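Nothing in this text is a laboratory measurement; each read-out follows from the coordinates by a stated rule. Every value quoted in this text rests on a predicted model; they were computed, and no experiment measured them. Cβ placement follows ideal geometry from the backbone for every residue including glycine, while neighbour counts extend to all protein chains displayed.
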Amino acid sequence: MTLKELSAVAAAGFKKTYGRLPRWIAAAPGRVNLIGEHTDYNDGFVLPMAIERYTVIAADRPARKTNQIQLISALGDKPASIDLTKPVKPFPKGTWANYPAGVIAGFLARELNPGGFDAMIHSTVPLGGGLSSSAALEVATATLLEAVTGQKLDPVEKALLCQKAEHDFAGMPCGIMDQFISVMGRKNHLLLLDCRSRETKLVPLDDPSVAVLIVNTNVKHELTGSEYPARRQQCALAAKIIGVPSLRDATAAVLRDAKGRLDPMVYRRARHVVGEIERTVHAAEGIRASNWLTVGQLMYASHYSLRDDYEVSCAELDAVVEIAEAIGVKDGIYGCRMTGGGFGGCCVALVKADGVDAILKKIAADYKKRTAIEATVFSSRPAAGATVIES
Ligand code: GLA
């Protein structure tokens, strides 16, 4: 479904629910990260792109003036309401409305009070699939609130406000990648983000001969809750023992020297991060030079490192990467790796555009044979970041 079609669905859904057409429609994309995994909270580099999958919020003032925000999701979750006459507090852990609520709290903290409104939310970003459905919901909310309040935030401030919502309201200590790319994505470009300086560089990915495939394993191992913060702590510990502010400051040589002082598991975590930061910078250069073979090799190396050193992969993600390797460059796949936090979710593959249809089918069939699970496989061009579609 295109963004235009999704907006029309959201407008119709709003009308059906609230009995009138919406005044605002805001949209924010999900993302896929080409390379640079678990580097954002280590001050490193990431190289994501926004995808043509969006969360869209249609909204209007309530029929009768109130200070209530009414949030209804077309995905069947329980409706939620927020009373603006009281401080906005998190809902119980796991409630979907914590994402919009955290963003609303962020606006209120800046003295930007949107006043009451009715909202209807639709999304084509698979939930919990590692394509940043939560960042898309946060950034769509922030984009809607900019329209409602008439106050546009600086893009960096907007992304940080959304990250804080995820920390404080959803209890997930994420880095900055997902919110930055959902805000700043650009059509036909990847975003090389320096997570230390927050400087961004656009890397064109508009060569019609290559395509990006996303393979959703359709599994989610419920480990992420505790594993993600544990990885963050292990990285912080490694940096402390090495004596650097963050792993961004540790080179491979520095790490080797410190090996004897690090617990073997902590050493492997740090080795992933140091190697991955280097691979990400090289991959950006490779993409600029259309050096697809090199980029593909870097993607495989990233996967092995995430699997063996960082230990955030799982059997299903590994199966997809092995299937991609077996298909190989000869039949159109340059590289493949898990993408996002891990423990399920999606793989990303860089492929020859003219082979897309055959590759989609082959991956899905081989994955089904190996795991008995139906994968969802689709391609996406790099998409634009969040926008207001109607106001
Ligand atoms: C999740 C987090 C991001 C990033 C990735 C791993 O998607 O939200 O900040 O840390 O995991 O690269």
**OP:** Only helical DSSP H runs with n ≥ 4 go in: add -39500 (n - 2.57) per run for the chain, normalise by residue count and round the 222 nm mean residue ellipticity to 500 deg cm²/dmol.
**Re:** -13500 deg cm²/dmol
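What length, rounded to one decimal in nm, is gained on full extension from THR376 through to LYS187, with 0.36 nm per residue of separation minus their alpha-carbon distance?
Numbers: separation 189, 0.36 × 189 = 68.04 nm, distance 2.31 nm.
Taking 0.36 nm per residue and subtracting the Cα distance, the gain is 65.7 nm.
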Original post:
In a shell of Cβ-Cβ distance under 13 Å around ALA105, excluding ALA105 itself, what net charge do Lys and Arg (+1) and Asp and Glu (-1) give?
Top reply: -1
**OP:** For the chain, with a Gaussian network of springs between Cα atoms less than 10 Å apart, report the residue from ALA135, ALA239, ALA289 with the top mean-square fluctuation.
**Re:** ALA289
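Antiparallel as a % of all DSSP beta bridges within the chain, to the nearest 5? Write down the numbers at each step before the final one.
On the way: 48 of 53 bridges.
Rounded to the nearest five, the antiparallel share is 90 percent.
What is the extension gain from THR85 to ALA326, computed as 0.36 nm multiplied by their sequence separation minus the C-alpha to C-alpha distance, in nm to one decimal?
Values: separation 241, 0.36 × 241 = 86.76 nm, distance 5.93 nm.
Length gained between THR85 and ALA326: 80.8 nm.
Only loop residues by DSSP count here, and only those with at most 11 other Cβ atoms within 10 Å; note down the trypsin sites (Lys or Arg not before Pro) in segment 45-142 that meet that.
ARG64, LYS65, LYS93
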Subject >> Whole-Å distance, taken between Cα centres, linking segment 191-240 and segment 330-391 >> reply: 16
**OP:** Could you work out how far apart the two model spin labels at THR2 and ALA384 are, taking each label as a point 7 Å from the Cα in the direction of the beta carbon, and quote it in nm?
**Re:** 1.3
Subject >> Rounded if a/c under 1.5, otherwise prolate or oblate - segment 157-299, Cα gyration tensor axes >> reply: oblate
**OP:** Could you name the lysines whose alpha carbon sits less than 30 Å from that of LYS369, not counting residues in the same chain fewer than 8 places away?
**Re:** LYS220, LYS330, LYS352, LYS361
Subject >> Rounded if a/c under 1.5, otherwise prolate or oblate - segment 191-236, Cα gyration tensor axes >> reply: oblate
Original post:
Within segment 201-302, which GluC sites (Glu not before Pro) sit in a loop by DSSP and count at most 16 neighbouring Cβ atoms inside 10 Å?
Top reply: GLU222
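VAL348: net charge of surrounding residues, Cβ under 12 Å, Lys/Arg +1, Asp/Glu -1, itself excluded? Each step should come with its number before you reach the end.
Details: positive: ARG31, ARG337; negative: GLU37.
Charge balance in the 12 Å sphere: +1.
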**OP:** Please identify every one of the GluC sites (Glu not before Pro) in segment 89-160 that sits in a loop by DSSP and has no more than 15 other beta carbons within 10 Å of its own beta carbon.
**Re:** GLU111
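Distance check, please: which entries in LYS15/LYS65; LYS164/LYS201; LYS187/LYS362 exceed 25 angstrom between their Cα atoms? Provide the component values of the computation, followed by the final result.
Details: LYS15/LYS65 18 Å; LYS164/LYS201 23 Å; LYS187/LYS362 28 Å.
Those over the limit are LYS187/LYS362.
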